Amino acid sequence: MVDVSEKPPTLRTAIARGHIQMSKETFDLIKQDKIKKGNVLTVAQVAGIQGAKSCSQLIPLCHPIALTKASVAFTMSDDSPLGHRVEIEAHARCKGETGVEMEALAAVSAAALTVFDMCKAVSKDMRIGGIRVVEKSGGKSGRWTSDE
């Protein structure tokens, strides 16, 4: 790992997004809370938060970070050119020496994988994609926002 002990602690934030594309049937079952494994978005939300908290255990050179916030939210989108999908947005925050981009990305990834796991009995034809950091702040580089 990189030594960050000389860096001053600052408030660090990151927002990441992604999506999982699926059939209308799967989309409707999620919306109606009729997936047999349970409430997909509630379980995926908890999985995403857990993913953010476990990031340093998954990514070998990631620092363990004392997060002060980890949240995951979903938007059901059926008017996208890509069809029916669940949009995922994760926020991570800490006061520390290194950023929380990886934690936000891990949250989106874990949430998307959980949606896939819970819905694969209905259809395996789901596609996870578009996972990226859209905003970060704090540290020497300050604030950054993607051009999307």
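The values are calculated or read from the model by the stated rules, or taken from the named source; none is laboratory data. If you're wondering where the values come from, they're calculated on a predicted model, not measured in any experiment. As a convention, Cβ positions derive from the backbone with ideal geometry for all residues, glycine included, and neighbour counts pool all protein chains shown. To get the accessible areas, we keep the full protein, side chains included, count just its heavy atoms, and leave off ligands, DNA and RNA. Shrake-Rupley method; radii C 1.70, N 1.55, O 1.52, S 1.80 Å.
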Relative contact order as a percentage, the stretch 92-146, C-alpha pairs under 8 Å and 6+ apart, gives 31
Matching label, Cα extents along the principal axes in Å computed from the structure shown, candidates [x] 67, 33, 32; [y] 53, 30, 21; [z] 66, 49, 19: [y]
What FRET efficiency would be calculated for the residue pair Arg127, Val4, taking the C-beta separation as r and a Förster radius of 30 Å, to the nearest 0.05? 0.25
Nearest 10 degrees, 0 to 90: what angle lies between the long axis of helix 40-53 and the longest principal axis of the chain (Cα atoms)? 20
By the gyration tensor of its Cα atoms, with a ≥ b ≥ c the square roots of the eigenvalues, what is the shape of the stretch 66-148: rounded for a/c under 1.5, prolate for a/b over b/c, or oblate? prolate
Which value, in Å², gives the accessible area per residue of the chain when a 1.4 Å probe is used on the protein heavy atoms? 57
Taking the dipole about the Cα centre of the chain, with the C-beta of Lys and Arg at +1 and of Asp and Glu at -1, give me whichever of Cys119, Thr68, Met1 is farthest to the positive side. Thr68
Ser23 to Asp117: extension gain in nm, 0.36 nm per residue of separation minus the Cα-Cα distance? 32.4 nm
Using a 1.4 Å probe on the protein heavy atoms only, what accessible surface does Phe116 show? Give it in Å² to the nearest 10. 60
Cα long-axis angle, helix 101-119 against the chain (0 to 90 degrees, to the nearest 10): 20
Using a 1.4 Å probe and counting only protein heavy atoms, arrange Met22, Met102, Met1 so the residue with the most accessible area comes first. Met1, Met102, Met22
